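See below for the structure under consideration.
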Amino acid sequence: MACDRFFILSPRGDTIISKQYRGEVTPGAAEAFFRTVKFWEDGDAPPVVELDGENYLFVKKSGLIFAFVTKFNVSPSLFLELLERLTKVFKDYCGVLTEEGIRKNFILIYELLDEVLDYGYPQGSSTELLRNYVHNEPIIVESARMKLPHMNPKTTPSNAVHKPITTVTGGRAGSKQRNEIFVDIIERLNVLFSPNGYVLNSNIDGCIQMKSYLSGQPELRLALNEDLVVGSGGGGNYGAVVLDDCNFHECCNLEEFEHSRILSFHPPDGEFSVLNYRITAEFRAPFRVFPTIEEKSSTRIELGLLVRADIPDKKYGSNVTITIPLPRTTATASAELMGGVPGQTTEYIASERRMEWTIKKFMGGTELSVLVKINLDSPATQNTRREIGPIALGFEVPMYNVSNLLVRYLRISDQGRSYNPYRWVRYVTQSSSYVCRL
């Protein structure tokens, strides 16, 4: 199974990178593919598209489109997984996965593509193994440069992790690079609310991601909650963290995990997931949604929406976006914000018949509300009210997780090491599918 061509497209449709492996693709294929995907009739285009006898497989990352083209009947799952691994490799070597980063490092990108695929056949996508064959130095883009102001020595900027792996050993910046390792506990929430604000269904998709900038690849020991329970039928004390299922990275040694919840491993180069887990037990939703609908007249409807942040007072939701689909017969719509809290904006997107409410910083323990006034171009029917919603929330809560999964410590096993690395741990809670029915 082989691909004929690989390309990267910008959000505007410009071809940033194009690598021809076999001369079997129609000229102008990238432009035709972009037009097809951009103007797809029913929402977003599927990850596999057939166009004029050619198969296009693509993923979107950071607004960019990464795609393979082939005339062969290939396995979609194989090449979609390869695309995911390619984006990870590009990010490891360039530091950031942005249009500017790829344009400035196009020579490095082409060298990586030459090593990962040979005549369209996948060879290997391991960041660690590729370092033996890739010799170009990355050009660090401005957003990834380290600008450390005077601050608390126990904190570091969030962009500190956006550095190429080649700056750790060797290279131009090797002598200045300090030994450090970054740990992210990321939880993505899937929550479905009833119109009364009750949770109908909820689960957590979580992972512990790491990126190592340690010289010599020492053995690390990562300790999690002592009362951690794996398997919903595994019992556990009240308040214990229960993982329904989980899987570990291949580098993990699980000998101590059963009795002491300690993972030992030699971290590979680049970013990797130490642990992926899923939780279906009840948890406290960080945001509650309470909608009300009132018909003022046959052509006017008012939608009131109250959102409450059920997180600690010192925490906050960042860039909270609330999307409200409106009826197809909507002529005009306006929104009135309540409470006078700064950092809020509303926008009615007429072409898509939806209202967007954006809150830059939603502090914990507070409530915000909005009143949406909908004017219809024809009298309301029974279906008009059904066309309102469902309401979707998008947010990120830094330094907070709802599952209470904790990293007790992260240590180097070899005590004879001459250096004591910097260890940075960050907790992030994000919305995946956070929806309220109406």
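Averaged per residue, region 34-121 has 49 square angstrom of accessible surface, using a 1.4 angstrom probe with ligands and nucleic acids left out. For region 307-438, the mean projected area of the C-alpha convex hull, equal to one quarter of the hull surface, is 11.4 nm².
Among D227, D244, D313, the largest mean-square fluctuation in a Gaussian network model of the chain (Cα springs under 10 Å) belongs to D313.
Full extension of the chain between F106 and E31 gives 25.0 nm of extra length, using 0.36 nm per residue less the Cα-Cα distance. If a paramagnetic tag sat 7 Å from the Cα of N404 along the Cα-Cβ line, which residues of region 304-341 would have the backbone N under 20 Å from that point? Zone members listed by number: 310-316. The modelled label-to-label distance between E347 and D245, using points 7 Å beyond Cα along the C-beta direction, is 4.0 nm. Its convex hull of Cα atoms gives region 174-226 a direction-averaged projected area, equal to a quarter of the hull surface, of 6.4 nm². Length gained on full extension, K71 to T321, computed as 0.36 nm times the residue gap minus the Cα-Cα distance: 85.9 nm. Ranking G339, M210, V199 by Cα position along the charge dipole of the chain, where only Lys, Arg, Asp and Glu carry charges on their C-beta atoms, puts G339 farthest toward the positive end.
Give me the mean projected area, in nm² to one decimal, of the convex hull enclosing the Cα positions of region 304-360.
Details: hull surface 18.1 nm².
So the Cα hull casts an average projection of 4.5 nm².
With one equal scatterer per alpha carbon and no solvent term, the Debye-computed log10 I(q)/I(0) for region 176-267 at 0.11, 0.12 1/Å reads -0.46, -0.53. Counting only heavy atoms of the protein chains and using a 1.4 Å probe, W424 has close to 30 Å² of accessible surface. With a Förster radius of 41 Å applied to the beta-carbon distance between R437 and E226, the computed FRET efficiency rounds to 0.55. Step through the table entries K38/K211; K61/K211; K38/K360; K38/K91; K60/K211; K88/K315, compare each Cα-Cα distance with 27 Å, and write down the pairs that go over it. Too far apart for the 27 Å limit: K38/K211; K38/K360; K88/K315.
Measuring only protein heavy atoms, the 1.4 Å probe finds V74 accessible over about 20 Å².
State the dimensionless ratio Rg/Rh of region 1-102 (Rg: radius of gyration of Cα atoms; Rh: Kirkwood radius).
Numbers: Rg = 12.9 Å, Rh = 13.9 Å.
When Rh is taken as the Kirkwood radius, the ratio is 0.93.
One compactness figure for the chain is 1.11, namely its Cα radius of gyration divided by 2.2 N^0.38 Å. Full extension of the chain between N276 and S413 gives 47.0 nm of extra length, using 0.36 nm per residue less the Cα-Cα distance.
Between S297, S413, S212, the residue with the greatest mean-square fluctuation in the GNM of the chain (Cα pairs under 10 Å linked by springs) is S297.
Is it possible to state the helix-based mean residue ellipticity at 222 nm for the chain, with each DSSP H run of 4+ residues giving -39500 (n - 2.57), the sum divided by total residues, to the nearest 500 deg cm²/dmol? What is it?
Details: 7 runs with 59 residues, N = 438.
Calculated from helices alone, the mean residue ellipticity at 222 nm is -3500 deg cm²/dmol.
Rounded to two decimals, what is Rg over Rh for region 261-364 when you use alpha-carbon atoms and the Kirkwood radius?
Numbers: Rg = 20.1 Å, Rh = 17.5 Å.
So for region 261-364, dividing Rg by the Kirkwood Rh gives 1.15.
A Förster radius of 30 Å combined with the Cβ-Cβ distance from S194 to K360 puts the calculated FRET efficiency at roughly 0.60.
With every protein chain kept in place and ligands, DNA and RNA left out, what is the accessible area per residue of region 247-341? Probe 1.4 Å, answer in Å².
Values: 4710 Å² over 95 residues.
It amounts to 50 Å² per residue over region 247-341.
Per the 1.4 Å probe, what fraction of the accessible area of the chain, in percent, lies on carbon and sulfur atoms? Intermediate results must be reported in sequence, preceding the final value.
Working: 10360 of 21790 Å².
Carbon-and-sulfur percentage of accessible area, whole number: 48.
Extending 7 Å from the Cα toward the beta-carbon at both T292 and D14 defines two label points whose distance is 5.1 nm.
The values are calculated or read from the model by the stated rules, or taken from the named source; none is laboratory data. Since we're looking at a predicted model, the values are computed, not measured. When we count neighbours, we look across all protein chains shown, and the Cβ atoms used for this are built from the backbone with ideal geometry, even at glycine. For the accessible areas, the whole protein counts, side chains as well, though only heavy atoms, and no ligand, DNA or RNA atoms are used. Shrake-Rupley method; radii C 1.70, N 1.55, O 1.52, S 1.80 Å.
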